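The values are calculated or read from the model by the stated rules, or taken from the named source; none is laboratory data. Just so you know, these numbers come straight off a predicted model, no measurement behind them. Methodologically, a virtual Cβ is constructed for each residue, glycine included, from the backbone with ideal geometry; neighbour enumeration extends over all protein chains shown.
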């Protein structure tokens, strides 16, 4: 029966090959009982399609593979979609918070790479971001860092969504303030 469960998990993984997963943290916890100690494992996993969707999950079990499987399933259920600029970076700088964890994520020019610490790097890699500069301030707990990163990514807005919400054209949203100030200055001189 145990072998059947393993095959079922493998079959499900084969059916959804579009998702990549990354194990971020594994924690061994022990409970002291009359006969000695009982060990359990907690796993933290980030899953993404590397095209703008990402999710995280945590799982607990008596064995490591079972904890990872549970975490992966939960991550696939909790995925969010994040708009990316040119499919490689963020549209604008954002901050995310969760508890004592605070993260700052900044858009970066092409060729920068992912400059971010451990758990945040896993989120960006699974999301498909290629250029980003990120800094974790506060909590170094991987659970809080990932939650803060996801919180920030939920705030990400593309120019198209902003234009649609405000009833304007995308070109109006992306206009630079300097470009608007230059014609006004020329008109004042004339």
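Counting only strands (runs of 3 or more DSSP E) that sit wholly inside region 80-139, not one has at least 2 residues that are assigned by TED's automatic domain parsing to the domain that holds residue 18 and either free of Cβ contacts under 8 Å to residues at least 60 places away in the same chain or touching a strand residue (DSSP E or B) at 6+ places or on another chain (Cβ under 8 Å) (or both).
Remark: residue 70 falls outside the filter, which requires a residue to be assigned to a loop (DSSP other than H, G, I, E, B) and touching a residue at least 12 places away in the same chain (Cβ under 8 Å). Taking (1) crowded, with 16+ Cβ neighbours inside 10 Å; (2) at pLDDT below 95; (3) at negative phi in turn, residue 50 satisfies each apart from (3). The combined condition, being surrounded by fewer than 21 Cβ atoms within 10 Å (Cβ to Cβ), free of Cβ contacts under 8 Å to residues at least 40 places away in the same chain, in a helix (DSSP H, G or I) and outside the structural domain of residue 170 (by TED's automatic domain parsing), is not fulfilled by residue 60.
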